[in-house]
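*Asks:* The following block contains the structure, expressed as structure tokens.
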Amino acid sequence: GQQVMQIPQYQHVQEGEDFTTYCNSSTTLSNIQWYKQRPGGHPVFLIQLVKSGEVKKQKRLTFQFGEAKKNSSLHITATQTTDVGTYFCAGMFSGGYNKLIFGAGTRLAVHP
Amino acid sequence: NAGVTQTPKFQVLKTGQSMTLQCAQDMNHNSMYWYRQDPGMGLRLIYYSASEGTTDKGEVPNGYNVSRLNKREFSLRLESAAPSQTSVYFCASSELGRAQETQYFGPGTRLLVL
């Protein structure tokens, strides 16, 4: 079936260090979305990537969509304690209804 | 606007009991979704409703039923709860259910089945 693999599962960093999480699919995605979930909270939409090779930035966050539209990454520069949470990618596959397939998420812990 | 609301926030059930999780949105969205979230597995789609009057199965529909009561409300029913259904359940909605739309999530229902 359609799957989106996300690594790493956990990441512990010191405040100020960078962080990256990666998503991969074996088949082409029509688009990919990124969500953040704070501890005890619900997923909140961050951004969507649609075009091959697309790069988008939100302050310290940089999102990339691969040329083949099969992989994506989220990079956080100089992490802060407010970045703590779980980051999910969610891919939408071509054909069929527009259902999001979520990756397992990367839980980020930031130590001050 | 409250966005997406879910009730209850927490529930403990015994194996075999039934219950209905309620979800409502006030954004006039056409599409609504039910997900379950388990540790290490992300969110998995249980059922979705593309528009009022329609429902379809997602990745993990077994053991669940849904009702799209009206445009605002989408309920999830467990007829005979099992320990494997212990999870956090999220309801979400999107405007038209098209690709490239944001999904808005409710606060979740934490369910424990003993």
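*Asks:* Considering only the other residues whose Cβ falls under 15 Å of the Cβ of A:Val4, what net charge follows from Lys and Arg at +1 and Asp and Glu at -1? Present the calculation step by step, with values, prior to reporting the outcome.
*Replies:* Working: positive: A:Lys69, A:Lys70, A:Lys99, B:Arg44; negative: B:Glu59.
Surrounding charge for A:Val4 is +3.
*Asks:* So, in Å, what gap is there between the alpha-carbon centers of the range B:4-34 and the range A:7-50?
*Replies:* The distance from the Cα centre of the range B:4-34 to that of the range A:7-50 comes to 26 Å.
*Asks:* What's the longest piece of chain B with no exposed trypsin sites (Lys or Arg not before Pro), counting a site as exposed if DSSP puts it in a loop and it has at most 11 other beta carbons within 10 Å?
*Replies:* That gives B:15-114 as the longest site-free run.
*Asks:* Can you list the aspartates and glutamates whose alpha carbon is less than 16 Å from that of B:Lys14, not counting same-chain residues fewer than 8 positions off?
*Replies:* Result set, ordered by chain and number: B:Glu79.
*Asks:* Let me ask something else about it. From the residues B:Leu69, B:Thr5, B:Met32, which one has its Cα farthest along the dipole of the protein assembly as shown in the positive direction, the dipole being from +1 and -1 charges on Cβ of Lys/Arg and Asp/Glu about the Cα centre?
*Replies:* Comparing the listed Cα positions along the dipole, B:Leu69 ranks first.
*Asks:* Now for a different question. Can you list the HN-Hα couplings for the range A:82-93, worked out from phi with the Karplus curve (6.51, -1.76, 1.60; θ = phi - 60°), rounded to whole Hz and with x for Gly and Pro?
*Replies:* Listing the rounded values in order: 6, 7, 4, x, 10, 9, 10, 9, 9, x, 10, 9 Hz.
No lab work stands behind these numbers, since they all come straight from the coordinates. The structure presented is a predicted model; accordingly, all values stated were derived computationally and were not measured. As a convention, Cβ positions derive from the backbone with ideal geometry for all residues, glycine included, and neighbour counts pool all protein chains shown.
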